[in-house]
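Please treat every number below as a calculation from the coordinates, not as lab data. Source: prediction; values computed, not measured. Cβ coordinates were reconstructed from backbone atoms using ideal geometry, including for glycine residues, and neighbour counts include every protein chain displayed.
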Amino acid sequence: MHQPVITGTGVFTPEQTITNAELVEAFNAYAEKFNAAHASEIAAGEVDAKDASSVEFIFKASGIEQRYVLDKKGILNPDIMHPVLRERSDDEPGVMAEMALDACTKALKEAGVDASEVDLVICAASNHERAYPAIAVEIQQLLGAGGFAFDMNVACSSATFGIQAASDMLRAGSARKALVVNPEICSGHLEWRDRDCHFIFGDVCTATLIERDDEAKSPLFKIRSTRCATEFSNNIRNNNGFLRRARTEGQDLDDQRDMQFMQNGRKVFKEVVPMVSAHILSHMNDEGIEPDNLKRMWLHQANKSMNDFVGRKVLGRTPEPEEQPNILQDYANTSSAGSIIAFSKHSDGLSKGDICVICSFGAGYSVGSVIVEKL
Ligand SMILES: CC(C)(COP(=O)(O)OP(=O)(O)OC[C@H]1O[C@@H](n2cnc3c(N)ncnc32)[C@H](O)[C@@H]1OP(=O)(O)O)[C@@H](O)C(=O)NCCC(=O)NCCS
């Protein structure tokens, strides 16, 4: 068996940002227009009026201050309220592949690895731009990588599940150098017209390069152990899929709310926090790691209070900010990429031998933990 190590990470961050104030202004303009257009139905009790969103609520409930997006103009236009991206021909790189190329190139540079040496690309994300050919195969071709590539989707846990899949293949010898890449265009599946969730997501792409330790020029972290778990829940759901055309009710897909992200946020909060804390603690226990010996937690970035709860439960005390770095104030929830952004941007200050954990959680429900040791 070979030992997998992380040798590089990369983050592609879109150029455009939307602050909470900009977001709320656009949403409230949309809500006012909607209420004016449906005034008589609202007065007759046939349609619910849309309540205004608030900057204070968003920050207090989530900890989010802004998000990066691929197209802010469409999202902030009260008559559009979604990103508008130029349609590309089949001969051009897709949007996800283009983001992935940037993040992968950064990860390869950090590791001092040429793309031609990579023999496995896993594109692990919450949504894929098309059904096939796999986005991962397109990324493989754009990079000039060899071997094989495939897409996988475990929603917010895609990155850690991808790291487990790649690590296991490296251990077994079926791959030598693997890129796990997470292009997340969350703005495309968020319902920006829904006050309960319009502030949640942002766009980004992360990449993690994993190699065998005996072939790595600049290993950063040893992957000591990975653990994935799932438990079915409808509390985070998106019904979009290849059967959309087969649905019998109205063809106005724009108005089919369940074709975008839906959640019961309160329930998710209450059910996922204990699941994640217990998962990390039992994974650490089985690896003989005491909470006192855990130096850092790079958690999924959905909600600041959620992370504070998990951090307290795992360490048995309030973590210091550097022990549990958050990036969601700047990036919002970026689905599977969140814990990897935190990992990539906040890995300094650790000493050789320090034990840390990357942990993601979300729809499925799913939870994935990767216990790493600083080299
Ligand atoms: C989504 C989330 C931030 C909402 O926070 P919350 O405290 O649960 O808020 P609730 O939905 O219970 O709403 C509380 C109140 O704020 C109101 N509210 C909701 N959105 C609002 C907004 N944008 N602006 C102002 N008020 C708002 C609600 O109507 C409700 O009002 P009421 O008390 O009068 O009924 C939180 O539940 C969460 O982060 N959950 C976990 C989500 C998660 O991790 N999902 C994974 C996604 S991949």
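Brief remarks follow.
- GNM flexibility winner over the chain from THR13, THR105, THR230 (Cα, springs under 10 Å): THR230
- Antiparallel bridge percentage (DSSP; both residues within region 222-374; nearest 5): 80 percent
- Listed by chain and number, the lysines whose alpha-carbon sits under 28 Å from that of LYS33, ignoring those within fewer than 8 places in the same chain, are LYS50, LYS60, LYS72, LYS73.
- Length gained on full extension, SER89 to VAL55: 8.3 nm, using 0.36 nm per residue less the C-alpha separation.
- Directionally averaged shadow of region 98-192, computed from the convex hull of its alpha-carbon atoms, nm²: 6.1 nm²
- Region 159-219 and region 337-360 have their alpha-carbon centroids 14 Å apart.
- Across all Cα atoms of region 329-371, the radius of gyration (one decimal) and Dmax (whole number) stand at 12.0, 35 Å.
- Relative contact order of region 222-374, taken over Cα pairs closer than 8 Å and 6 or more residues apart, is 35 percent.
- The loop-placed trypsin sites (Lys or Arg not before Pro) in region 89-156, going by DSSP, that have at most 13 neighbouring Cβ atoms within 10 Å of their Cβ come out as ARG130.
- Reduced Cα scattering model of the chain, Debye log10 I(q)/I(0), q = 0.07, 0.09 Å⁻¹: -0.31, -0.51
- ³J(HN,Hα), Karplus 6.51/-1.76/1.60, whole Hz, each residue of region 126-137, x for Gly, Pro: 6, 9, 10, 4, 8, 6, 6, x, 4, 4, 4, 5
- Highest mobility in the GNM of the chain, judged by mean-square fluctuation with C-alpha springs under 10 Å and restricted to GLU117, GLU320, GLU271, is found for GLU320.
- Protection proxy ranking, highest mean first, for peptides 220-226, 63-69, 328-334, 167-173: 328-334, 63-69, 220-226, 167-173, where packing is the per-residue count of other beta-carbon atoms within 10 Å, averaged.
- From the alpha carbon centroid of region 104-132 to that of region 25-44 is 45 Å.
- Among the listed pairs LYS304/LYS374; LYS177/LYS352; LYS106/LYS313; LYS313/LYS374; LYS109/LYS270, a Cα-Cα separation exceeding 32 Å is found for LYS106/LYS313; LYS109/LYS270.
- Considering only the chain, percent of DSSP beta bridges that pair antiparallel, nearest 5: 75 percent
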